[in-house]
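Written below as structure tokens is the structure these notes are about.
The values are calculated or read from the model by the stated rules, or taken from the named source; none is laboratory data. The model shown is predicted, which means the values in this text are computed figures rather than measured ones. Cβ coordinates were reconstructed from backbone atoms using ideal geometry, including for glycine residues, and neighbour counts include every protein chain displayed.
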């Protein structure tokens, strides 16, 4: 397509898979039976995503426990910090209890499984190292300082990204949902800038050519039709966001009250070697956007961003945590189809 369009990541899991995960935890089905459910969900998700006409797909994160916790192994417990959402519910992060930090699973394995079913390019979402840095306990672990943890984290995050690039990912996308949250937690922005510095420690290990296939995604943390930081002014995040050394930047925009203002800020700070993907689909809104609405959102973005440096995306994943059923699979695929069709209409109107 003349204007590239990409998904962000997750698709709601089939209810059979959600029930199967619970059944496996209770010991009422075997690991082989659960794996069969995973395989079926992955295959169907890719088939349905390709049926939308999408030129680039993901695996829908069907076999991840969540976008953030896939690397987590037995050296963690469930007693980490709480993420509060606007509707009152919380998610609790894992906490490292047994050093050293090592990934228990790498995103490359998800990518290779998806590529076995896909007929179009596949992008792979990975968790940003800044998010994983939150898993270190508030009290320093004996014999394993935070500095030592961060050194190991940088090495592990680099290997996670590099494995995906080497396995043929169209793009590797770092999920940085904690960006806006960092401003909420620390309005001085010291926390935000420490997150960005950590992410850049990883990204600076890649060549310019490799970074053109690496992206950073930000959103206000959608989960169960709520968010954790949508009340933070985007203007407090965006100027710093574009200092991340990634070739592609994906921003939530469809659910913003004043997208033109956000686009104006983005246009002033977009790096010379960066492409901006703007959200034209709101996964939290139960209504399916029309292709014409997507077209108009894309054309608005083109008033601020040069068309050759513009792309479209969804605001965020449709189901970042495996148990989130607030959006149906049918709705998610209908919204993706609208994004693809609407982006094409915008390109046609722009004559590209």
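Listed here are the residues, each with its yes/no results for (1) part of a loop (DSSP other than H, G, I, E, B); (2) modelled with pLDDT of 90 or more; (3) more than 30 Å from residue 184 (Cβ to Cβ); (4) over 21 Å from the mean Cα position of the chain (by Cα).
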| position | (1), (2), (3), (4) |
| --- | --- |
| 88 | yes, no, no, yes |
| 103 | yes, yes, no, no |
| 108 | no, yes, yes, no |
| 112 | no, yes, yes, no |
| 120 | yes, yes, yes, no |
| 126 | no, yes, no, no |
| 131 | no, yes, no, no |
| 134 | no, yes, no, no |
| 137 | yes, yes, no, yes |
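Within the range 200-220, the set of residues being closer than 29 Å to residue 92 by Cβ and out of contact with any strand residue (DSSP E or B) (no Cβ under 7 Å at 6 or more places or on another chain) comprises 200, 201, 202, 219, 220. So for the range 63-78 (the condition being loosely packed, with under 15 Cβ neighbours inside 10 Å, under 19 Å from residue 160 (Cβ atoms), touching a residue at least 60 places away in the same chain (Cβ under 8 Å) and out of contact with any helix residue (DSSP H, G or I) (no Cβ under 7 Å at 6 or more places or on another chain)), does at least one residue qualify? Yes, the range 63-78 has at least one match. Whenever a residue of the range 190-207 is over 19 Å from residue 151 (Cβ atoms), its partners that are buried (at least 17 other Cβ atoms within 10 Å of the Cβ), lying with C-beta atoms within less than 6 angstrom and at least six residues away or across chains, give the pairs 191/182; 192/182; 192/183; 192/240. In summary, helices (runs of 4 or more DSSP H) completely within the range 160-242 and bearing 1 or more residues that are within 22 Å of residue 134 (Cα to Cα) and either modelled with pLDDT of 95 or more or touching a helix residue (DSSP H, G or I) at 6+ places or on another chain (Cβ under 8 Å) (or both) occur at 178-185, 190-203, 238-241. For the range 139-159, the set of residues classified as touching a residue at least 24 places away in the same chain (Cβ under 8 Å) and not in a helix (DSSP H, G or I) consists of 141, 143, 144, listed by residue number. Here 279, 342 are screened, and the one residue that is within 25 Å of residue 213 (Cα to Cα), touching a residue at least 40 places away in the same chain (Cβ under 8 Å) and in a strand (DSSP E or B) is 279.
Is it fair to say residue 298 is within 22 Å of residue 220 (Cβ to Cβ), over 18 Å from the mean Cα position of the chain (by Cα), crowded, with 22+ Cβ neighbours inside 10 Å and touching a residue at least 24 places away in the same chain (Cβ under 8 Å)? Taking the combined requirement at face value, the residue satisfies it. When residue 22 is tested against (1) touching a helix residue (DSSP H, G or I) at 6+ places or on another chain (Cβ under 8 Å); (2) over 27 Å from residue 275 (Cβ atoms); (3) surrounded by fewer than 16 Cβ atoms within 10 Å (Cβ to Cβ), just one condition goes unmet, and that condition is (1). The residue list 96, 111, 132, 83 contains one member that is farther than 28 Å from residue 166 by Cβ and buried (at least 17 other Cβ atoms within 10 Å of the Cβ), which is 83. Pairing each residue of the range 303-320 that is surrounded by fewer than 24 Cβ atoms within 10 Å (Cβ to Cβ) with any residue that is at pLDDT below 95, provided the two are 6+ apart or on different chains, yields C-beta distances under 9 Å for 307/2; 307/352; 308/352.
Table: residues versus (1) in contact with a helix residue (DSSP H, G or I) (Cβ under 7 Å, 6 or more places away or on another chain); (2) within 29 Å of residue 90 (Cβ to Cβ); (3) modelled with pLDDT of 95 or more.
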| site | (1), (2), (3) |
| --- | --- |
| 257 | no, yes, no |
| 262 | yes, yes, yes |
| 275 | yes, no, yes |
| 298 | yes, no, yes |
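Is it the case, given these coordinates, that residue 58 is crowded, with 18+ Cβ neighbours inside 10 Å and modelled with pLDDT of 95 or more? Yes, satisfied.
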